[in-house]
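K.L.:
Structure provided below as structure tokens; questions to follow.
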Amino acid sequence: MSNTDDELVRLMTVPNPATGHIIEQALQAEGIEAKVVGDYLDASFGDLPGTLPEIWVHQKDLEAAKKIVEQHTSSSDQDSDEG
């Protein structure tokens, strides 16, 4: 494993802290170390552009994390279509 594999990269920006932590837990359940960053910046700065929470993962896990998020998003969309 090279140093770039351990490098942290942004996976995605999410609309709110709750969504970020749900995705973080889904990734961790699949064995991917993930961290929500900036989840409560809006408490300090208000609703300013650029203060949305982000989810960060290791570079080596980026592609797998994208697939997991896509699977959870598509299954969530199907659940809401059925309801």
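K.L.:
Being surrounded by fewer than 12 Cβ atoms within 10 Å (Cβ to Cβ), of a type outside the set (A, V, I, L, M, F, W, C) and at pLDDT 90 or above is the filter here, so list the residues in the range 26-56 that pass it.
P.N.:
First pass over the range 26-56, keeping only residues surrounded by fewer than 12 Cβ atoms within 10 Å (Cβ to Cβ): 29, 31, 40, 43-50.
With of a type outside the set (A, V, I, L, M, F, W, C) added as a condition, the list becomes 31, 40, 44, 46-47, 49-50.
Within the range 26-56, just 31 meets the criteria.
K.L.:
Inside the range 1-42, can you point out the residues that are β-branched (Val, Ile, Thr), within 11 Å of the chain's Cα centre (by Cα) and in a helix (DSSP H, G or I)?
P.N.:
19, 22, 23, listed by residue number.
The values are calculated or read from the model by the stated rules, or taken from the named source; none is laboratory data. Predicted model, so just to flag it, every value in this text is computed and none were measured. No Cβ is skipped: glycine too gets one built from the backbone with ideal geometry, and neighbour counts run over all protein chains shown.
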